Amino acid sequence: MPRKYALRVFGGPAPYETTAPEPSTGAYAVVVGGAAQFCLAGSLQIESKIGKRSQASCTLRTTTALHFEQDQRIQIFNPSNTLVFNGYLTTPKAQKRGYQKYLIHTINAVDGHRIADKRRVARVYTGKTAGAMVYDIWYNILRPEGVTIGTIYDGPTPSQYLYPSENLYPAESVVAAIPSAVFAYSKVSESYDAIAAQASYAGIPYWWQIDEKLQLWFVPYTYVRYPIVVDGTTINESTVSVTRGNPTYMNTKWVTGATVETDPQTRTRKGDGQTTSWEMDYPLAHVPTISVNGVEKTVGIQGVEQGKNFYWNAGSTTISQDTADTVLTDSDILTVLFIGTYPTTFFAQDAAQVAYEADLDGTTGIVEDVEDNTTITSFEAGVNYVSEALTRYAKQGAQLDFETLDSSYMQGQLMTADLPDFQLDRTEMLIESVTASDQKDALNIWYTVHAIAGPVDTTWVDFFSKLLKTPQKPENINVGVSQVVNVLQTFTATVKCSAILTIKALGGISPSNTLYPRNDLYPS
């Protein structure tokens, strides 16, 4: 007899049921649209990936009277009657085999990330932490959709954005605010991807997901720990394979496109009875303070405001006088106090990793990466960015795969692998994905666990697919075309005079044992 399935409406404390209404009699139970369905043995597969959409596929058999629709809810329960997948059908396909009086449905489904894919964000944030933005988007957009909170991590101390407070993760410093974020009708999923990319905690990146209980998680990669050491006593080593490599490896980082602010600048100009506009040394970053003969004047935005004494525009070097004002003569002194901007390039290198690579391949050992990042607007932010990039990517990688009947492994867990035969000696690894399938013996659900040590941003397949889809930027290579390139230079200067020369490096710096990062020394 088909089992009934209870579906709660949106808005309650638990939007959806998390256990099947009746005990499962087989290895698993598949429920579509609130009704249990007959699933063909050997057809089930569920793939769950950290920070990415989980997917499920199976083959169902029904009468010719039953048809499935795109976006119908599908839920899958394991033999212990626990919900392991909760999602939505994508493009169900129905077929008849010969003259049989039933239909065979090829089912594919995606998880709760679909909710974040179908909603849009139009918001601007200034000086908010990653957790604050994630929470605000959840409260205004995802909460009405029935999504609840698992954990939104926002630093070591409880705040109104952290739920639940007992899930605090110990940390050493407060999460820094992100200067600004603009979401112009972007998908919620794309917005969360962007926030996660900007969030970092001591070099540890963040990930987000909407799990099978439709709970939202936004946490560091090291947040959840698998409690048991994975060794020869807990898994069958005959199913183990280890692949070594890091598709995102680099030990030298360059960042171009940054525009940082100068210290406050003061410039004076003498009137001549004709000039009504003046050029500053740098493009202006903020509204300047302008005075004539020591008397402060009103300042407005060029082309937007009227009735002011002087006008300016962000990114422009020009200060102009209102046409209604008296032109300054040689007895007038114009004084402009402003903060400008200038383009710069940031650089960092991991000397230890360069030496390691040189020993491996017999070359200089330098593996470079160049990124154009126009969002960096301060020297400190640029230094931090290149330093954290090395912390994240300048490391060797290893991928561990094994099969198990244990259903307690989940994507996003940090586990300890102790497999000396594979040179994994109590190595901390992140479970990137777990694939559940009954295709091995058409009876039991086997779990294939994929764990990694090193960066977790992309697999080799994703990495090379991205290379194929992303051509070289045209402006990066120009033959026969004039172009300005910022090049960092290292130099020394000797000054033979009684004056004191102060030199500030306006670009990136080369790390060493006497420079940042170091607890007692930070560049300014």
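Couple of notes before you dig in:
- Remark: pairs (first residue in region 217-239, hydrophobic (A, V, I, L, M, F, W, C); second residue surrounded by fewer than 13 Cβ atoms within 10 Å (Cβ to Cβ) and outside any loop (DSSP other than H, G, I, E, B); Cβ separation under 8 Å; 6+ apart in sequence or on different chains) = VAL229/ARG426.
- Enumeration of residues in region 324-353 that are over 21 Å from THR276 (Cα atoms), out of contact with any Ser or Thr (no Cβ under 7 Å at 6 or more places or on another chain) and among the aliphatic types (A, V, I, L, M): ALA351, ALA352
- Any chance ALA352 is in contact with a Gly (Cβ under 6 Å, 6 or more places away or on another chain) and without any contact (Cβ under 8 Å) to a residue 40 or more places away in the chain: no
- Picking from residues in region 350-384 that are touching a strand residue (DSSP E or B) at 6+ places or on another chain (Cβ under 6 Å) and crowded, with 17+ Cβ neighbours inside 10 Å, the one that is farthest from ALA177 (Cα to Cα) is ASP369.
- Test: residue in region 415-432 that is assigned to a loop (DSSP other than H, G, I, E, B), small (Gly, Ala, Ser) and surrounded by 15 or more Cβ atoms within 10 Å (Cβ to Cβ): no
- Flag for GLY365 being in a loop (DSSP other than H, G, I, E, B) and within 20 Å of THR248 (Cβ to Cβ): yes
- Options LYS253, LYS213; residue that is surrounded by 14 or more Cβ atoms within 10 Å (Cβ to Cβ), under 30 Å from LEU390 (Cα atoms) and among the basic types (Lys, Arg): LYS253
- For region 237-270, residues that are hydroxyl-bearing (Ser, Thr, Tyr) and assigned to a strand (DSSP E or B) total 7.
- For GLY307: the one exception among (1) in a loop (DSSP other than H, G, I, E, B); (2) surrounded by 14 or more Cβ atoms within 10 Å (Cβ to Cβ): (2)
- Residues of region 334-362 satisfying the condition of being over 30 Å from VAL287 (Cα atoms) and assigned to a strand (DSSP E or B): PHE347, ALA348, GLN349
- Just one residue in the set VAL124, VAL147 is loosely packed, with under 14 Cβ neighbours inside 10 Å, within 26 Å of TRP208 (Cα to Cα) and either polar (S, T, N, Q) or in the same structural domain as LEU214 (by TED's automatic domain parsing) (or both); that residue is VAL124.
The values are calculated or read from the model by the stated rules, or taken from the named source; none is laboratory data. Every value quoted in this text rests on a predicted model; they were computed, and no experiment measured them. When we count neighbours, we look across all protein chains shown, and the Cβ atoms used for this are built from the backbone with ideal geometry, even at glycine.
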